[in-house]
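Working notes, structure below.
What follows draws every value from the coordinates through simple rules; no lab data is involved. If you're wondering where the values come from, they're calculated on a predicted model, not measured in any experiment. Cβ sites come from the backbone with ideal geometry, for glycine too, and all protein chains shown count toward neighbours.
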Amino acid sequence: MTKKKSSIDLIYKALAPSALLILAGACGSSGPTKQLVSARGAYQQAKASGTQQLAPMRMEDARAALDAAERAHKKDPGSNQEANLAYVAERKSQIAMASGKTAADLQEERILNSQYQAKLEQKTRDEQARMREQEAMQQPTVEVEEVQPDPFAELRDIATIRQAPDGSTVITLSSAVLFPTNEAQLSGEANQRLDKVAEVLSAQPKDTQIKIVGFTDATGTTATNEALSKRRADAVSKYLAQHGVDESMLQSIGRGEADPIASNATEDGRAINRRAELVIKLPEGQTIQKKAQPNSSAKTPEEKEKTPDEGMSPNQNDMTPKNDMAPKNDMTPRNEIAPKTTNPPAPQPPEVPEQ
């Protein structure tokens, strides 16, 4: 009897650790895998970061993937399928967060770019005003009999205008206003500005030569900059031709990063270098013409009917009878029936016969 009991004790002691391991495994398998725990945390983190508003489609994918992992957990806790689906769900939550951050960065970039362009335009206007003030101070005071109209008066607020050494006129427009970054498609504001330029250029003589020269900053490769500047010059030339400027007068050139007018080491300098120049070369002896103005003195057909006849004074009273309507004096004999006024011949003495 004692031997039998000892054998049973030995068997129990040998099996006890294995039984505890089996029970522990059964209890542990009922909890979520570490992959599912990570997936849940990643989704909650993405949701708290505002990704739902910035990347709603990505968040919807992440939610669907997490739901699939949760269903696998309910069906078979701790299974490989649960772990695999949870890993996919975690990755999709991370992708959603990255997409949301990208969208937020783009929004901030658009806002900053708009603010920067407004600042740059104001700086350009201030610089133009300063230059005009300096020019006015440097010019000697002379008596001018007649002030010639400024043909570029309407362009000075939107462009820089200068006289080149060879006598040509150069109109400089900022590419930051004309084109979006790294694009050659004209912006809506560019169309409004080029409309004013087209009005001035269309009034010039037909033999006028107009070069549209595109420039970029030094960012990027030389080949890329030259190609972009040429496409931008072509876009300006095409728009001007479509809005009244003779196409035979236009020539587009891309100069890329050549001939900078400011330092490329600063953002402001690079923005100034991104520009389009319109070089206007008139025929010899010609001057820039002011754009045609509506003729306010032209008369309407009704006014023309009221215009006095030629040869009559404009101040003449309309009640004054015209020559062909003047009343005639009935007592005045007309030339064709007036009696002769010559005296009758005096009576002659009788002829006396010759002796």
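If you keep only loop residues by DSSP, which GluC sites (Glu not before Pro) in the stretch 163-226 have at most 14 other Cβ atoms within 10 Å of their Cβ?
GLU183
Take GLN139 and ASP126, extend 7 Å from each Cα along the Cα→Cβ direction, and tell me the distance between the two endpoints in nm.
2.5 nm
Mind sorting ARG193, ARG71 by how few other Cβ atoms lie within 10 Å of their own Cβ, fewest first?
Arranged by neighbour count, lowest to highest, ARG193, ARG71 become ARG71, ARG193.
For SER252, which sequence-distant residues (separation of 5 or more, or a different chain) have an amide H within less than 5 Å of its own amide H, given hydrogens modelled in the peptide plane?
Answer set, sorted by chain and number: ILE212.
Given an 8 Å cut-off on Cα distances and at least 6 residues of separation, report the relative contact order of the stretch 160-281 as a percent.
Relative contact order of the stretch 160-281: 36 percent.
Fully extended, how many nm does the chain gain between GLN185 and THR224 (0.36 nm per residue separation, minus their Cα-Cα distance)? Please report the intermediate quantities before stating the final value.
Numbers: separation 39, 0.36 × 39 = 14.04 nm, distance 1.61 nm.
Full extension from GLN185 to THR224 adds 12.4 nm.
If you take the beta carbon distance between GLN251 and ARG91 as r and set R0 to 51 Å, what does 1/(1 + (r/R0)^6) give as a FRET efficiency, to the nearest 0.05?
After rounding to 0.05, the efficiency reads 0.40.
Say a paramagnetic label sat at a point 7 Å from the Cα of ALA103, along Cα to Cβ; which residues of the stretch 59-75 have their backbone N under 12 Å from it?
Correct set: 59-61.
In the neighborhood of GLY50, defined by Cβ-to-Cβ distances under 14 Å, what is the net charge if each Lys or Arg adds +1 and each Asp or Glu adds -1?
Taking every other residue near GLY50 into account, the sum is +1.
So for the pair ALA265, GLN81, with labels modelled 7 Å out along Cα→Cβ, what separation do we get in nm?
6.7 nm
Using a Förster distance of 41 Å, how high is the FRET efficiency between ASN113 and SER30, based on the Cβ-Cβ distance and rounded to 0.05?
Working: r = 55 Å, r/R0 = 1.34.
Here the calculated transfer efficiency is 0.15.
Take the cross-link list LYS206/LYS230; LYS34/LYS75; LYS123/LYS238; LYS211/LYS238; LYS119/LYS290; LYS196/LYS290 and give me the ones stretching past 22 Å between alpha-carbons. It would help to have the intermediate numbers written out before the result.
Values: LYS206/LYS230 24 Å; LYS34/LYS75 17 Å; LYS123/LYS238 29 Å; LYS211/LYS238 12 Å; LYS119/LYS290 31 Å; LYS196/LYS290 12 Å.
Among LYS206/LYS230; LYS34/LYS75; LYS123/LYS238; LYS211/LYS238; LYS119/LYS290; LYS196/LYS290, the Cα-Cα distance tops 22 Å for LYS206/LYS230; LYS123/LYS238; LYS119/LYS290.
Read phi for every residue in the stretch 188-198 and hand back ³J(HN,Hα) as whole Hz from Karplus 6.51 cos²θ - 1.76 cosθ + 1.60, θ = phi - 60°, with x for Gly and Pro.
Per-residue couplings from phi come out as x, 5, 4, 4, 4, 6, 5, 4, 5, 5, 4 Hz.
Below 9 angstrom from the Cβ of ALA176, what's the summed charge of the other residues (Lys, Arg +1; Asp, Glu -1)?
On the way: positive: ARG274, ARG275; negative: GLU121.
Surrounding charge for ALA176 is +1.
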